[in-house]
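The values are calculated or read from the model by the stated rules, or taken from the named source; none is laboratory data. Computed from a predicted model, the values in this text were never measured in an experiment. Note that each Cβ is placed from the backbone with ideal geometry, even for glycine, and that neighbours are counted across all protein chains shown. Quick note on the areas: whole protein, heavy atoms, side chains included, nothing else; ligands and nucleic acids left out. Shrake-Rupley method; radii C 1.70, N 1.55, O 1.52, S 1.80 Å.
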Amino acid sequence: MSNTMWGGRFASGPDAIMEEINASIDFDKALWRQDIRGSRAHVAMLAQQGIVTDADAKAITDGLAAVEAEIEAGDFTFSRALEDIHMNVESRLAALVGPAAGRLHTARSRNDQVATDMRLWVRDTVDALDAQLADLQRALAEKALAHAGAVMPGFTHLQSAQPTTFGHHLLAYVEMLGRDRGRFADARARMNECPLGAAALCGTSFPIDRHATAAALGFDRPTANSLDSVSDRDFALEALAAASICAVHLSRFAEEIVLWTTPQFGLVKLSDKFTSGSSIMPQKRNPDAAELVRGKAGRIIGALNGLLIVIKGLPLSYAKDMQEDKEGTFDALQSLSLCIAAMAGMVRDMEPELKAMKKAAGLGYATATDLADWLVRTLKTPFRQAHHVTGRIVGLAAAKNVGLEKLSLAEMQAVEPSITQDVFEVLGVERSVRSRTSYGGTAPTEVKKQARRWLAKLDKEAKAADRAGEAAKSR
C-alpha cells in the first residue's frame, strides 16, 4: 500500500529494496529533539500569523509534548515504513490529536524541515564540543603550570634538538585547541541562519513570518534564498572540516603519548585507567586509549571526504543524496567528542618521569645551539662561524663519547682559543631552558605566564557562559 503520509500520487507501496535504501529512521531518529523543537516554533508562528487556529496550535503543541515524553521515556516505536523522523513524529502526533496534526505541515516541506533539524543538531553539538575543548585546554594548562620547569627533550625530525620543558610542550596543544575552537566558532556563526519556511525549494504563498521562527530557534536570521536553503550543507562540511583538523591535533598528541610511554622513551606514565594489558604478554601496558584517539582521526577525516564527494555533483536544489549527510556527520562529531573526553582523561592521568626526561634532554648534544649562541653573544662571533666552531666541538665530544659539558676548557680552546670558563654556564639543560625567555619561549618563567594567561581566559569564558545560561533560563 502507498505511504498514507505522502502517497496520494502512488497506487502501491515501495518494493522491499526501495524501502530498505530509502528509509533513514534508523539514524535520523537522532534528530528527534531538534525536529520537535522546530515543529513547536513553526506551529507557534502559524498561529501568530492566523494560518492555523489557536485551538489547533494548542492541540499540536500539547501533542508534540506528549511525543517528546514518549521518546524520552523509551516508549516510542519508530517505524521504518514511515521513512524518517519527520513522518514518525507527525504520524504519532496524528494518532494523539487527530486531524489537527495535519495542519502542522502547512507552509513547510521535509526539505526545509530536515535542513533546519540538521543545523540545530550540528549547532548543539558544536556548542558541546567547544565546552569539551575548553575543558581539555584547562587540563593541559593546569598540568603545564605544575610542570613549567620539568626539562625534557625537544625534537625536530624526532631527533634531539634543544631542551624544552614538559609544560611548554603541553601548551603547544592548548594553542592548537584554541585555533580549533576558533574554527568551530566561525562555522557556528555561518550556520546560524534558519532554513525553515523555504518549503520544498521556492518558498510559500502563505503569509509566514520566517524571522519569528528564526528567533524562536535561536538563529540570527532566516536564510535569504529558498533554493540555497534546502540544498546547502556547508554548515555540516565546515563543522566536519573543523573536526578533522581538531582530530589531527589530537592524533598528533596521541602519537606522542604512545611514544613517550614506551620503555625506549620512558618519559611519561599512564595509569591502569587508560591502558590495557596483553592476553599473552603479562608485562605489557598498552596505551590503547591514545591509539584509539589516533585511529579515530581516520573516520572523522573520512566523513568530511565522504560528504564532499556526495555534494560535489548535485544540481540545485534538494536531492535524496543529501540523506547521506547524516550518518557520517553524526558518527564523526560523536567520535570527536569521545576522543576529546579520552584525551582530557589521559592528560589529567599522565605523570612525567622527571629524571628520565631530564636525562633524555641532554642527549644528542641538545645544548649545541646554546654554545653557538654564547659564541655570538659573548665573543661577537658571526653566527655562521659560530655554527662551524660548535660543529667541530660537537664532533670532538662525539669522538670522546661525552656530553659537551664534560669537555675541558682546554679541549674547547683547542678548537676556538677565545672560549672562556663562562661557557659552562650555558651548557646544562636547565640553564638552557632558563635562557629562552623570548615571548612564547620555553623558559619556565614564560611557560608559567602563558599557562596562567590561558587559565584566566578559560575562567573568564566559563563565567560568561554561566551568565548566558542564567539569562536563557530567565527568558
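Data for the structure
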read-out: Pair list, Cβ < 7 Å and 6+ apart or interchain, from region 422-446 residues that are on the phi > 0 side of the Ramachandran plot and not assigned by the TED database to the domain that holds Ala172 to residues that are surrounded by fewer than 20 Cβ atoms within 10 Å (Cβ to Cβ) and assigned to a loop (DSSP other than H, G, I, E, B); value: none
read-out: Residue that is surrounded by fewer than 18 Cβ atoms within 10 Å (Cβ to Cβ) and either in contact (Cβ under 8 Å) with a residue 24 or more places away in the chain or among the polar types (S, T, N, Q) (or both), where the choices are Thr156, Thr125, Thr116; value: Thr156
read-out: Qualifying positions in region 130-153 - farther than 17 Å from Asp459 by Cα and buried (at least 17 other Cβ atoms within 10 Å of the Cβ); value: His147, Ala148, Gly149, Ala150, Val151, Met152, Pro153
read-out: Helices (runs of 4 or more DSSP H) (entirely within region 130-237) containing at least 2 residues that are in contact with a helix residue (DSSP H, G or I) (Cβ under 7 Å, 6 or more places away or on another chain) and in the same structural domain as Glu256 (by the TED database); value: 166-191, 226-231
read-out: When residues of region 69-114 are limited to those that are part of a helix (DSSP H, G or I) and of a type in the set (Val, Ile, Thr), the one farthest from the chain's Cα centre (by Cα); value: Val97
read-out: Residues of region 360-375 satisfying the condition of being more than 28 Å from Leu267 (Cα to Cα) and open to solvent by 50 Å² or more (accessible area, probe 1.4 Å); value: none
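Results for (1) touching a Phe, Trp or Tyr at 6+ places or on another chain (Cβ under 6 Å); (2) surrounded by 14 or more Cβ atoms within 10 Å (Cβ to Cβ), shown as yes or no for each residue.
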residue: Ser205; (1), (2): no, no
residue: Asp209; (1), (2): no, yes
residue: Ala215; (1), (2): no, yes
residue: Asp220; (1), (2): no, no
residue: Glu255; (1), (2): no, yes
residue: Ala289; (1), (2): yes, yes
residue: Ile300; (1), (2): no, yes
residue: Leu307; (1), (2): no, yes
